[in-house]
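A.B. asks: Here it is: the structure, laid out below.
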Amino acid sequence: MKLKLLLLSVITTLSAAAREPLKYELPAPLKGRTEIVLTRMGYTTSYNPTTRNPNWVAWHLTKAHTYGKNQRSGETFTEDNKVPTPRATDWDYYNSRFDRGHMCPAGDNKWDATAMRESFMFTNICPQNHGLNKYEWNDLEILCRDWACEYGAIDIVCGPLYDRQKPARYIGKNRVRVPDAFFKVVLCRQGKPKAIGFIYQNEGRKQKMSEAVRSVDEIELLTGFDFFPALEDATERKVEAEARLSDW
């Protein structure tokens, strides 16, 4: 009787696991690097307590997530008490000349009040040049929402890049590290799968989107992250090697 109950429990567990959808947007766990992975309603963030920034932020963006009644007006940026101190606070950005740049944008979280509120946590934020935040990065966020509407859903990962050849920059008493650039990789699994990446320098100068395009493979080499590991291996190799904006 006990054996039958045990087998039934194992079968039930396996069946539940089989029903749970794969999170294609999540990169593979980091090896040899510090990360605190936090799952929020609208995104997952891998937080780095050394830089006080996310390593990456990943989310599955559907057409339904691109609109809603929950607006960003009235929301305030908040420190995240799920991570240890010292951690980023609003005061670190005061007089820093850097914007509090969303990784998973508020515009992708209008569908739910909690998702919108959580998008303003500093574990989803990096110091970002105002010009980049207002123009190129915002343009890319809007384009991703357009793609989600066109294809039904896409998977996105983005985060900061640091140039080892440049001296590290920090803001605030909590020493939040200033990224030298930002990456974003996008996967579409609808129809014939495809992926594309982008890198923008954390600067206010004009940066053409066509010149920011990179393959996912290129960004993996720069970051050391393994993106979209849930894909079938042959599909992953193919889509991550190509990057053509015209395909989108």
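The values are calculated or read from the model by the stated rules, or taken from the named source; none is laboratory data. Worth saying up front: this structure is predicted, and the values here are computed from it rather than measured. Quick reminder, even Gly has a Cβ in these numbers, built from the backbone with ideal geometry, and neighbours come from all protein chains shown. All accessible areas refer to the heavy atoms of the entire protein, side chains included, with ligands and DNA or RNA removed. Shrake-Rupley method; radii C 1.70, N 1.55, O 1.52, S 1.80 Å.
A.B. asks: Would you mind checking which residues have amide H under 5 Å from TYR170's amide H? H placed 1.01 Å from N; only 5 or more apart, or other chain.
C.D. replies: So TYR170 has HN proximity to VAL178.
A.B. asks: Helix 2-19 versus the longest principal axis of the chain: what angle, 0 to 90°, nearest 10, using Cα atoms?
C.D. replies: Around 40 degrees separate the two axes.
A.B. asks: With runs of 4+ DSSP H residues as the only contributors, calculate the mean residue ellipticity of the chain at 222 nm using -39,500 (n - 2.57) per run, divided by the residue total and rounded to the nearest 500.
C.D. replies: Rounded to the nearest 500, it is -8000 deg cm²/dmol.
A.B. asks: Can you tell me the 0 to 90 degree angle between the C-alpha axis of helix 136-151 and the longest principal axis of the chain, rounded to 10?
C.D. replies: 30 degrees
A.B. asks: If you average the C-alpha positions of segment 138-176 and of segment 207-227 separately, how far apart do those two centres end up, in angstrom?
C.D. replies: 11 Å
A.B. asks: While we're here: Need the list of aspartates and glutamates near LYS69 for cross-linking: C-alpha distance under 19 angstrom, and skip anything on the same chain fewer than eight residues off.
C.D. replies: Within the straight-line cut-off, LYS69 pairs with ASP108, ASP112, GLU118, GLU141, ASP146.
A.B. asks: Still on this structure: For the chain, take the convex hull of the Cα atoms, compute a quarter of its surface area, and give me that in nm², please.
C.D. replies: Details: hull surface 65.0 nm².
Dividing the Cα hull surface by four gives the mean projection, 16.3 nm².
A.B. asks: Then there is this: Count charges around THR66 for me, please; just the other residues with Cβ under 10 Å from its Cβ, Lys/Arg as +1, Asp/Glu as -1. Please list the in-between numbers first.
C.D. replies: On the way: positive: LYS63, LYS110, ARG145; negative: ASP108, ASP146.
Value of the local net charge: +1.
A.B. asks: Also: Just add up the charged neighbours of ARG177: K/R +1, D/E -1, any other residue whose Cβ is under 12 Å from the Cβ of ARG177.
C.D. replies: +1
A.B. asks: Going through segment 209-247, which GluC sites (Glu not before Pro) have at most 10 other Cβ atoms within 10 Å and a DSSP loop state?
C.D. replies: On the way: sites: GLU211, GLU218, GLU220, GLU232, GLU236, GLU240, GLU242; in loops: GLU232, GLU242.
Here the sparse-neighbourhood loop sites are GLU232.
A.B. asks: Could you give each residue of segment 177-192 its phi-based ³J(HN,Hα) in whole Hz, using Karplus coefficients 6.51, -1.76, 1.60 with θ = phi - 60°, and x for Gly or Pro?
C.D. replies: Using θ = phi - 60°, the values come out as 6, 8, x, 8, 7, 9, 10, 8, 10, 10, 10, 10, 9, 7, x, 7 Hz.
A.B. asks: Take the solvent-accessible surface of the protein heavy atoms, probe 1.4 Å, and return the percent of it on the chain that carbon and sulfur atoms account for.
C.D. replies: Exposed carbon and sulfur together represent 52 percent of the surface.
A.B. asks: If you roll a 1.4 Å probe over the heavy atoms of the protein chains, what accessible area per residue do you get for the chain, in Å²?
C.D. replies: 53 Å²
A.B. asks: May I ask you to derive the relative contact order of segment 153-198, considering only C-alpha pairs under 8 Å and at least 6 residues apart, and to give it as an integer percent? Mind dumping the intermediate values first?
C.D. replies: On the way: 65 pairs, mean separation 19.2, N = 46.
It comes to 42 percent, rounded to a whole number.
A.B. asks: Segment 155-248: which trypsin sites (Lys or Arg not before Pro) are DSSP loop and have at most 13 other beta-carbon atoms within 10 angstrom?
C.D. replies: Of the trypsin sites (Lys or Arg not before Pro), the ones in loops of segment 155-248 whose Cβ has at most 13 other Cβ atoms within 10 Å are ARG164, LYS173, ARG205, LYS206, LYS208, ARG244.
A.B. asks: If the cut-off is a Cα-Cα distance under 16 Å, which lysines reach LYS63, setting aside same-chain residues fewer than 8 apart in sequence?
C.D. replies: Within the straight-line cut-off, LYS63 pairs with LYS110.
A.B. asks: Also: How high is the relative contact order of the chain? Use alpha-carbon pairs under 8 Å, at least six apart in sequence, and give a whole percent. Provide the component values of the computation, followed by the final result.
C.D. replies: Working: 472 pairs, mean separation 49.9, N = 248.
Averaging sequence separation for qualifying contacts and normalising by length gives 20 percent for the chain.
A.B. asks: Dipole of the chain, Cα-centred, from +1 at each Lys and Arg C-beta and -1 at each Asp and Glu C-beta, to the nearest 20 debye?
C.D. replies: 520 debye
A.B. asks: Check the straight Cα-Cα distances from LYS208 and name the lysines below 21 Å, setting aside those fewer than 8 residues away within the same chain.
C.D. replies: Straight-line reach from LYS208, under 21 Å: LYS134, LYS184.
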